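Novice: Supplied in structure tokens, the structure appears directly below.
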Amino acid sequence: MLNLDTPVEQINKVGKATAGKLKKLGILTVQDLLSHYPSRYDDFSQSEKIANLRPGMNINVQGTLEFIQNKRSPRQRMNITEALINDETGQLKIVWFNQPFIGRSLQIGDTVSLSGTVKTDYAGLQMTSPEYEKISNSGATHTKGLVPVYPLTGNLTNKQLRFLIKSVVSIAEHLEDVVPKFIRRKYDLCDIDLALKNIHFPESKDLLNQARRRLQFEELLFIQLATQLQKLKIKSQKSELIEFKEKETKEFVSSLKFQLTGAQKKAAWEIINDLQSEKPMSRLLEGDVGSGKTVTAALAMLNVALNKKQSALLVPTEILASQHYSTLRGLFKNTEITVGLLTSIQQKVNSEEQIAKSKKEFLKLIEDGKIDIIVGTHAMIQKNIEFKNLALAIIDEQHRFGVEQRKALRKQSGQFRRNSSETGNTNIMPHLLSMTATPIPRSLAQAVYGDLDLSIIDELPAGRKEIKTFLVPENKRIASYDFISQEIKNGRQAFVVCPLISESDKLGVKSVEKEFKKLNEEIFPDLKIAFLHGRVKSNEKDKIMESFLKNEINILVSTSVIEVGVDAPNATLMIIEGAERFGLAQLHQFRGRVGRSSHQSYCLLFTESVNEISRRRLNVFTKSNDGFALAQADLKMRGPGVVYGTAQKGFPIFKIATFGDLDLLRQTQAAANLILEDGIDKHALLNQRVDRNANWLAG
Ligand code: ADP
Ligand code: MG
């Protein structure tokens, strides 16, 4: 007897070859087979009698096979199968090309079902290359009604999959339903039997819709439960209580060169509020590029330091680490707070004189609590660092860390925790703040990051001008160089982003090396130009960034390494070569490198692509400066899988659900809460499935 875990090899008629093909689709068990949902359906729900056929109809007809024969067409060297079918109203001619096996698999007298488009030629009506099948008592599978069309690979066919799935789908009748009955009732969901049968072989559109909703609900429910459970787990642990130091915080805020935006204040307050509790904070701070997340986080670190505890700030790149290090040093220069930098190649504390400290000495300073804030790349989490009392871990640009890294970071939080030697309390874990510029709508973020509380900075600092963005045609390239040189004469700086480091055989794609040479030698021989990419040595990178920040370099040619976080307010020009090679979210990140001061900034896109869709995407980009709106647009054009799947490593990949249905998101969230109130332990099967489906969760 089959069950869900039965390997596909044990299904009747599945040989080694078919099993191998199924494996390529990730289908190993009956369960996998049943959750290999159709990507669409051919609608052959309309049947018609032969007498009523008209040219152009996309239709199903059924009748008796009266005649069938294979012949070769001499001129075109084609194999043609001709047949006639008859129902009680008339006769229809059928033609197939190069499918001689049809002539052998159908026999005169068979009742057949055919689906396709009706055409007309000099001999009258006919169907050319219709889907066909012989029908027996069980009715038509491939040609009648809503016929499933599956995602395929290799030479597996839809017919094979339909056949296989049909042969196992009846086990749904005996399945225990993972969605509890009270939830099904409350949210008007059909049971698993009806759902599985109708998602594969819909009896009607209505039943298909019911089936789809039920299965989407189930999938989202798993996610909601996984994130809620994660949240409960975290909240049951303990962190340091950080007292809010109002006076010093106010002093710090008034020492800033600017006024905090309302959104920054609100977010900072939410964070500080969380810190004033022993419950571990798990908060996601979301804010468009340039919205000022760093200073917001600094307010939290300030309070931690004033409580004589430590903070760690983890960032994805060395450039960003160095930059945050100097930004924080600047912000805290009138305080006692010490800031350290730790990457795989360097360590620094507060003043330059201390650069030469050996790594050992440096780690000792952390251990003794002599460094309040440690900024570092993930080298920081691989090392066995002992903190005296780490109370706050911040992850900047968290979307840049893959699931595995995020898992490691969370684990490392545990590590930090164990190594918090001061209290001797091994159960203390640091508060966690994740920061991202990926614009995820709140409802979506709540579904995917339900384990995190959310703060959104939805306001840019005052005085920022809209970044003017243009898609520049090649014949305006020279003119745009004049414009660039004019801006630079006015004291501004430019970034030039290229898709590649060096010229490869990928013809025509701009590379940093070649573009640098061209700009440096031919176009702007008088300007100071430098380049930056992943292969430039780390301390060299730092030097370049530093001179760029000091305006000793006019133009910086680089790969996407400058994508994240880099803050150079005097730069007002972002030139992107091969723009079609980047997603809108990434382009938006590049563009976010400029427009960080009150000077007017510009983003110039160049593309060699003549592809209409690329151009349309780029045009959308030139018209909007709003990360959320762009994400929405990209979502429409490319779908959430592509947009968030690539922008956001470690986003769940759905089989059937989407993030598009806000109602369903809300319902599943409420349902998850009801189940947790009821007690997840009462729902063993569900618990188990949630576990299995939660591997995208970072914790
Ligand atoms: P992001 O949110 O992309 O990390 P940053 O924290 O790097 O943004 O801030 C971008 C720039 O804006 C920095 O130069 C920072 O000093 C500046 N900034 C931050 N907050 C404000 C504000 N309220 N008013 C003016 N400038 C601000
Ligand atoms: Mg940032």
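Novice: Determine, yes or no, whether residue 463 is surrounded by fewer than 21 Cβ atoms within 10 Å (Cβ to Cβ) and at positive phi. Don't jump to the end; show me each part of the working.
Specialist: Numbers: surrounded by fewer than 21 Cβ atoms within 10 Å (Cβ to Cβ): yes; at positive phi: yes.
Taking the combined requirement at face value, the residue satisfies it.
Novice: Which of the residues spanning segment 290-327 are within 14 Å of ligand 1 (Cβ to nearest atom), within 18 Å of residue 561 (Cβ to Cβ) and among the charged types (D, E, K, R)?
Specialist: Hits for segment 290-327: nothing passes.
Novice: Take residue 496 and decide whether it is under 27 Å from the mean Cα position of the chain (by Cα), assigned to a loop (DSSP other than H, G, I, E, B) and either assigned by TED's automatic domain parsing to the domain that holds residue 313 or at negative phi (or both).
Specialist: Working: under 27 Å from the mean Cα position of the chain (by Cα): yes; assigned to a loop (DSSP other than H, G, I, E, B): no; either assigned by TED's automatic domain parsing to the domain that holds residue 313 or at negative phi (or both): yes.
Judged against the criteria, residue 496 is not a match.
Novice: So, one more: Conditions first: (1) within 14 Å of ligand 2 (Cβ to nearest atom); (2) on the phi > 0 side of the Ramachandran plot. Residue 593 passes all but one, so which condition is the exception?
Specialist: Of (1) within 14 Å of ligand 2 (Cβ to nearest atom); (2) on the phi > 0 side of the Ramachandran plot, only one is false for residue 593: (2).
Novice: Right, here's the next one. If you check 471, 460, which single one turns out to be closer than 18 Å to residue 574 by Cβ and more than 16 Å from ligand 2 (Cβ to nearest atom)? Working first, answer last.
Specialist: Details: 460 fails: more than 16 Å from ligand 2 (Cβ to nearest atom).
471 is the lone residue from the list that is closer than 18 Å to residue 574 by Cβ and more than 16 Å from ligand 2 (Cβ to nearest atom).
Novice: For segment 254-273, state whether one or more residues are touching a Phe, Trp or Tyr at 6+ places or on another chain (Cβ under 9 Å), in contact (Cβ under 8 Å) with a residue 12 or more places away in the chain and among the small types (Gly, Ala, Ser).
Specialist: No, segment 254-273 contains no residue that is touching a Phe, Trp or Tyr at 6+ places or on another chain (Cβ under 9 Å), in contact (Cβ under 8 Å) with a residue 12 or more places away in the chain and among the small types (Gly, Ala, Ser).
Novice: Within the set of pairs 6 or more residues apart or between chains, which connect a residue that is more than 25 Å from residue 520 (Cα to Cα) inside segment 463-482 to a residue that is part of a strand (DSSP E or B) with Cβ atoms less than 8 Å apart?
Specialist: These pairs meet every condition: 467/574; 467/602; 467/603; 468/602; 468/603.
Novice: Name the residue, out of 317, 296, 335, that is in contact with a helix residue (DSSP H, G or I) (Cβ under 9 Å, 6 or more places away or on another chain) and at pLDDT 95 or above. Full working, then the answer.
Specialist: Details: 317 fails: at pLDDT 95 or above; 335 fails: at pLDDT 95 or above.
Result of the check over 317, 296, 335: 296.
Novice: Moving on to the next point. Can you tell me which residue in segment 415-439 is modelled with the lowest pLDDT, limited to those that are hydrophobic (A, V, I, L, M, F, W, C) and within 16 Å of ligand 2 (Cβ to nearest atom)? Before you say what the answer is, go through the steps one by one.
Specialist: First, pick out the residues of segment 415-439 that are hydrophobic (A, V, I, L, M, F, W, C): 416, 428-429, 432-433, 435, 437.
Right, trim to within 16 Å of ligand 2 (Cβ to nearest atom) and you get 433, 435, 437.
Details: 433: 93, 435: 92, 437: 82.
In this case the residue turns out to be 437.
Novice: Within segment 260-278, can you find the residues that are away from ligand 1 (no atom under 15 Å from the Cβ), touching a Leu at 6+ places or on another chain (Cβ under 9 Å) and of a type outside the set (Asp, Glu)? Walk me through it before giving the result.
Specialist: From segment 260-278, those away from ligand 1 (no atom under 15 Å from the Cβ) are 270, 272-278; that's our starting set.
Those left that are additionally touching a Leu at 6+ places or on another chain (Cβ under 9 Å): 270, 272, 274-278.
Result: 272, 275, 276, 277.
Novice: OK, next. I need a count of the residues in segment 142-151 that are more than 21 Å from residue 83 (Cα to Cα), part of a loop (DSSP other than H, G, I, E, B) and either in contact with a helix residue (DSSP H, G or I) (Cβ under 7 Å, 6 or more places away or on another chain) or at pLDDT below 75 (or both). Explain how you work it out, then say what you get.
Specialist: Of all residues in segment 142-151, those more than 21 Å from residue 83 (Cα to Cα) come to 145-151.
With the extra rule that they be part of a loop (DSSP other than H, G, I, E, B), the set shrinks to 150-151.
Then drop every residue that is not either in contact with a helix residue (DSSP H, G or I) (Cβ under 7 Å, 6 or more places away or on another chain) or at pLDDT below 75 (or both), which leaves 150.
Total satisfying the criteria: 1.
Novice: Now for a different question. For segment 331-340: of the residues being within 25 Å of residue 273 (Cα to Cα) and outside any loop (DSSP other than H, G, I, E, B), which is farthest from ligand 1 (Cβ to nearest atom)?
Specialist: 339
Novice: Based on this model, can you work out whether residue 257 counts as more than 16 Å from ligand 2 (Cβ to nearest atom), modelled with pLDDT of 95 or more and either not small (Gly, Ala, Ser) or not assigned by TED's automatic domain parsing to the domain that holds residue 569 (or both)? Walk me through how you get there before you give the answer.
Specialist: Details: more than 16 Å from ligand 2 (Cβ to nearest atom): yes; modelled with pLDDT of 95 or more: no; either not small (Gly, Ala, Ser) or not assigned by TED's automatic domain parsing to the domain that holds residue 569 (or both): yes.
So residue 257 does not fit the description; no.
Novice: Is it the case that some residue within segment 507-528 is touching a strand residue (DSSP E or B) at 6+ places or on another chain (Cβ under 9 Å) and within 16 Å of ligand 1 (Cβ to nearest atom)?
Specialist: No, every residue in segment 507-528 fails to be touching a strand residue (DSSP E or B) at 6+ places or on another chain (Cβ under 9 Å) and within 16 Å of ligand 1 (Cβ to nearest atom).
Novice: List every residue pair whose Cβ atoms sit under 6 Å apart, with the two residues 6 or more apart in sequence or on different chains, where the first one lies in segment 171-183 and is farther than 23 Å from residue 224 by Cα and the second, anywhere, is acidic (Asp, Glu) and crowded, with 16+ Cβ neighbours inside 10 Å.
Specialist: Short answer, once both residue conditions are applied: 172/193; 173/193.
Novice: I would also like to ask the following. Of the residues in segment 278-316, how many are within 16 Å of ligand 2 (Cβ to nearest atom) and part of a helix (DSSP H, G or I)?
Specialist: 9
Novice: May I ask you to list the residues in segment 575-590 that are among the aliphatic types (A, V, I, L, M) and more than 16 Å from ligand 2 (Cβ to nearest atom)? Steps first, answer last, please.
Specialist: The initial filter retains those residues of segment 575-590 that are among the aliphatic types (A, V, I, L, M), namely 575-576, 579, 584-585, 587.
Listed by number, the residues that qualify are 575, 576, 579, 584, 587.
The values are calculated or read from the model by the stated rules, or taken from the named source; none is laboratory data. This structure is a prediction, so every number in the text was calculated from the model and none was measured. For neighbour counting, all protein chains shown are included, and Cβ atoms are generated from backbone atoms with ideal geometry for every residue, glycine included.
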